[in-house]
Structure formats: C-alpha cells, structure tokens
Amino acid sequence: MRYVFSTDVARRCLLVLAAGVAALVAAAQSTGVRLDTIEVHYVDFQGQSQTGTLICNHSIAQDLRDIFADLYRQRYPIERIRPISDYGNDDERSMQANNTSCYCYRPINGSRQLSKHALGLAVDVNPLYNPCVRRKKDGTLKVEPSTGRPYVDRQHSFPYKITRQDLCYRLFTEHGFRWGGSWRSLKDYQHFER
C-alpha cells in the first residue's frame, strides 16, 4: 500500500502541529490508521525505572509491549519515551532530546509519501546516539538530529549505540521489524519499522 502526501494531508499536518495527542490520533484515524496509546516501562540513563507513552499502530501494539517489557527486564537504557506532541510535534526537537517515539504525522524527508511514523508503524530508539545519516548530492552529510553528528562514525565506541549485536536490534528484528541501520541508500540507526 502506498500513501501519498496530498494537499489534504498537508492541511492535517498543519492542524496537528498546533495540537496535542488527541489531535495526533484524530489525524491518523482520518486516514484510516488505527492508533493505540500504550504505556511501557523503561530504565533511564540514570538507572531509574520510568514509565513512558508510545502512540503506535494497533497492529504492532502488542509487539511493542513485549519488546519494551524485555528491554526493561534486561535494564536496557533508554533516555526518555514521550509522545511527539510533548515536543510541539517537531521531530528534530524530539530527536535532539534523545526521545524514543513512534507516531509522528509527517512525510518521508524529501518526499510526498507518508512515513512509516505517520502510520504508527516505526519506532526511533535513543535517536541522538543513533542518528539518521544520508549523503546529499553535493557529497555532504545530512544528519538527523543535527546534534547527532558525534555519533555518525559507527566504528567508534560510545554508549547507547545500536548495532546488530545489540539487544534492542535483536528484539525488534525477532518481532519482524526492519532496521534502518541496514539500509543502503541511507543509514537510520535509530529506526525500526514494520
């Protein structure tokens, strides 16, 4: 199924930018997407137990509950988990805050096609330490979040890095998610999608 970013979708995106969680859910549901709001437990970077909120597609809600329960049992560190509306529906602000999130009503960058996040089918985990990196036509790198540049070189050792040996990677892929760190056209190390 292909979703196209139309004038109607643009109008809904603008409305969502001015609203909170209820408007996010309403915007998605108006496109036929069924979203669930789930609470998950996680261990923050200070080793404290926290409860976070993920807005996700109904079809992956149970998988996310199971994945985050396993991450919590294994004390896998996640800095924070909040809905994108806590950041004014601004994906860059959310990523700069190293916020793990799922639903974000937006097109794929540089495209008119809706992202998997707009369908509630993608999760970004510890995005500051696991940036999205793409080479532009002029040869320069575009890094998202922009503050994630120190974490682009995956040969360096640093905490919170997702690799193929990482528990987060293993759990998501065992549940049928694809990892953006495996893509060829760009590397989206924070991203898991179904």
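Under 5 Å between amide hydrogens, built in the peptide plane, is the criterion, and for Gln113 it picks out Phe5, Ile108 among residues at least 5 positions away or on other chains.
Taking label points 7 Å from Cα along the Cα-to-Cβ direction, Arg65 and Asp44 give a separation of 2.5 nm.
Coupling constants for the range 98-110 follow from the phi torsions by the Karplus curve (6.51 cos²θ - 1.76 cosθ + 1.60, θ = phi - 60°), and in residue order they are 6, 8, 7, 8, 10, 6, 8, 6, 6, x, 5, 3, x Hz; glycine and proline get x.
Suppose R0 equals 25 Å. What FRET efficiency, 1/(1 + (r/R0)^6) with r the Cβ-Cβ distance, do Thr147 and His175 give to the nearest 0.05?
Values: r = 29 Å, r/R0 = 1.17.
About 0.30, to the nearest 0.05.
Here the spin labels are modelled as points 7 Å beyond Cα on the Cα-Cβ line, and at Thr140 and Arg82 they lie 3.0 nm apart. With the simple spin-label model, which puts each label point 7 Å out from Cα in the Cβ direction, the Lys161 to Thr53 separation comes to 3.5 nm. Computed 3J(HN,Hα) for the range 160-172, one whole-Hz value per residue from the Karplus formula 6.51 cos²θ - 1.76 cosθ + 1.60 where θ = phi - 60°, is 6, 7, 8, 10, 5, 8, 6, 4, 4, 4, 4, 5, 5, glycine and proline marked x.
For the range 96-173, what is the accessible area per residue in Å², given a 1.4 Å probe and the full set of protein chains? Working shown, then result.
Values: 3570 Å² over 78 residues.
Roughly 46 Å² per residue, with all protein chains present.
Looking at the square roots a ≥ b ≥ c of the eigenvalues of the Cα gyration tensor of the range 73-173, which shape do they give, rounded for a/c under 1.5, prolate if a/b is larger than b/c, or oblate? It is oblate, given that a/c is not under 1.5 and a/b is not larger than b/c.
Are there any trypsin sites (Lys or Arg not before Pro) in the range 59-119 that are in a DSSP loop and have at most 14 other Cβ atoms within 10 Å? List them by number. Answer by residue number: Arg75, Arg112.
The values are calculated or read from the model by the stated rules, or taken from the named source; none is laboratory data. Quantities reported herein were computed from a predicted structural model and do not represent experimental measurements. All Cβ positions, glycine included, derive from the backbone under ideal geometry; neighbour counts span all protein chains shown. For accessibility, only protein heavy atoms count, side chains too; no ligands or nucleic acids. Shrake-Rupley method; radii C 1.70, N 1.55, O 1.52, S 1.80 Å.
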